[in-house]
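The values are calculated or read from the model by the stated rules, or taken from the named source; none is laboratory data. Since the structure is predicted, the reported quantities are computational estimates derived from the model, not experimental observations. Glycine also receives a Cβ, built like all others from the backbone with ideal geometry; neighbour counts cover every protein chain displayed. We work out accessible area using only protein heavy atoms, side chains counted, and drop any ligands, DNA or RNA first. Shrake-Rupley method; radii C 1.70, N 1.55, O 1.52, S 1.80 Å.
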Amino acid sequence: MLNRRDSLKLGAVAGAAMLVPAGRLSAVFADDEGTASTPFTRALPIPPVLRPVSSTADHDLYDMTLAPTTASILPGLQTPLLTFNGSFPGPTIRARRGRASKVRVTNRMTTPSSVHLHGADVAPSSDGHPVDLIQPGESKIYHYPNRQPAATLWYHDHAHHIEAEQVYRGLAGLYLIGDAESDALGLPGGQYDIPLFIRDAAFDEQGRLLFTLDDFASRRVVLVNGAHQPFVQVRRRKYRLRLVNAANSRPIRLVLSDGGEFVRIASDGGLLEHPVRGTSIELWPAERAEVVVDFTNHATGSTLYLENVFNGPETPNRQLLQFQVGEPVPDPSRVPDTLRTHPDLGEPILTRTINMGRDATNTFYAINGLPYDPDRIDFRCKRGSTELWVVNNTDGQYNFPHSMHVHLVQFRVLDRNGVPVGPEEAYPKDTVRIPAGQTVRMLVRFESPFTGVYPYHCHFLDHSSAHMMAQLEVVP
Ligand code: C2O
Ligand code: CU
Ligand code: CU
């Protein structure tokens, strides 16, 4: 993985924002625990569910205001943030398949924004394209048809070149689509369905967020739903946890501290065909996983932890969340052996090669050697067709990780370096990790009815903000 020296080196060659001297950035939280707060004394916040301001026969209208605000994240300190409706993370929208949402976004910040619903099948005009901006003082209505199956999606800022900083400062939240098919499965729901929105941050002495493009090594405080090392009280029964890696550039590998099992039921774009059992979950930025965890066999009064062990047992800030196990309760929920039937994506009509890595002069992050240009169409893709994408991480020599995110679609990952990926990472995916020097092959089918221009990019947002983005046009 990237170490601090590599990241600084890259920052320098990338001509990224001026780097603050290393000693200064890391001064505040020199210890691995990160902050002076007493761990596990703050209850896990659950982002509020946004209520529609009006509803018609076929859609719900929501209001969102982007504005600067402050919140108490570290004890005794106020952290200035950029938020949706004053909430960090933003409020959760709960949509239903077959019923459209309209989201009216008003920008009360001093910078432009564009709001992207990550993982959604939407028209280009509502996709949050990087140059389709809402200027300060202006509003825009996004139209989300919600025609796709139940899924854990998230929305975030996507303004050209500044998405990394704006998402880092708070512009992100959850968008959950539900449907009758998944309701009928009997999975844990209601208060037993908990989102865990995970991201990292660096703070200064006054509690302000420090942001330097690409200096992710300094962002050592990991927050869950906006809180540092919170606790959550659980009953002795099954829970559904919706895990989102909402960090700009930090991959995580999650385990339970007792070595317990996760039953993975959903990936980025919704349910897997069958549950997948395992004891760790690797999520890179923007990837999601839904899991069922059963606390039945834990003693009342015991505790266990959700941990990040991406860098091994010595991973800084390893304990992310404490579960405090309470009394048993009747548990009618279940995890069926078959969750959903996946579509056949068909045979590819062509193969594309996509190289992700620094450009030859080492001045920016590139896709196929080029920096992002919103006026250039990199690929033209035929609606209704399937393509084979061969994505190479060409930064093996620098050990830089990248990922591939494609707007509009859910794709099928075939293999990584020729080794087939497991079912939990195959489909439905909208973001896939491409470790340094590796090659991922994936099938991309343009089955959406929409045509037009959509971005694809590395979802290390510090990379996409530094040009690692391109765009395709879906043509009839
Ligand atoms: Cu989550 Cu184009 O991004
Ligand atoms: Cu996206
Ligand atoms: Cu990248």
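What to note about this one:
- Restricting the range 440-452 to residues that are open to solvent by less than 40 Å² (accessible area, probe 1.4 Å) and assigned to a strand (DSSP E or B) leaves a set whose member that is nearest to ligand 3 (Cβ to nearest atom) is 440.
- Test: residue in the range 32-43 that is surrounded by 15 or more Cβ atoms within 10 Å (Cβ to Cβ), touching a residue at least 40 places away in the same chain (Cβ under 8 Å) and of a type in the set (A, V, I, L, M): no
Quick grid of which residues meet (1) touching a Leu at 6+ places or on another chain (Cβ under 6 Å); (2) modelled with pLDDT of 95 or more:
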residue: 309; (1), (2): no, yes
residue: 312; (1), (2): no, no
residue: 322; (1), (2): no, yes
residue: 336; (1), (2): yes, yes
residue: 343; (1), (2): no, yes
residue: 347; (1), (2): no, yes
residue: 350; (1), (2): no, yes
residue: 367; (1), (2): no, yes
residue: 380; (1), (2): no, yes
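- Search result, residues across the range 258-268 that are within 24 Å of residue 151 (Cβ to Cβ) and outside any strand (DSSP E or B): 261, 268
- Across the range 343-384, the number of residues qualifying as more than 27 Å from residue 399 (Cβ to Cβ), in contact (Cβ under 8 Å) with a residue 24 or more places away in the chain and over 25 Å from the mean Cα position of the chain (by Cα) comes to 13.
- For the range 414-440, a tally of residues being away from ligand 1 (no atom under 16 Å from the Cβ) and out of contact with any helix residue (DSSP H, G or I) (no Cβ under 6 Å at 6 or more places or on another chain) returns 18.
- Among the residues of the range 57-90, those that are under 21 Å from residue 148 (Cα atoms) and open to solvent by less than 60 Å² (accessible area, probe 1.4 Å) comprise 59, 60, 61, 62.
- Some residue of the range 389-402 being of a type in the set (D, E, K, R) and either within 23 Å of the chain's Cα centre (by Cα) or within 16 Å of ligand 1 (Cβ to nearest atom) (or both): yes
- Only residues that are within 16 Å of ligand 1 (Cβ to nearest atom), of a type in the set (A, V, I, L, M, F, W, C) and touching a His at 6+ places or on another chain (Cβ under 6 Å) were counted in the range 312-369, giving 1.
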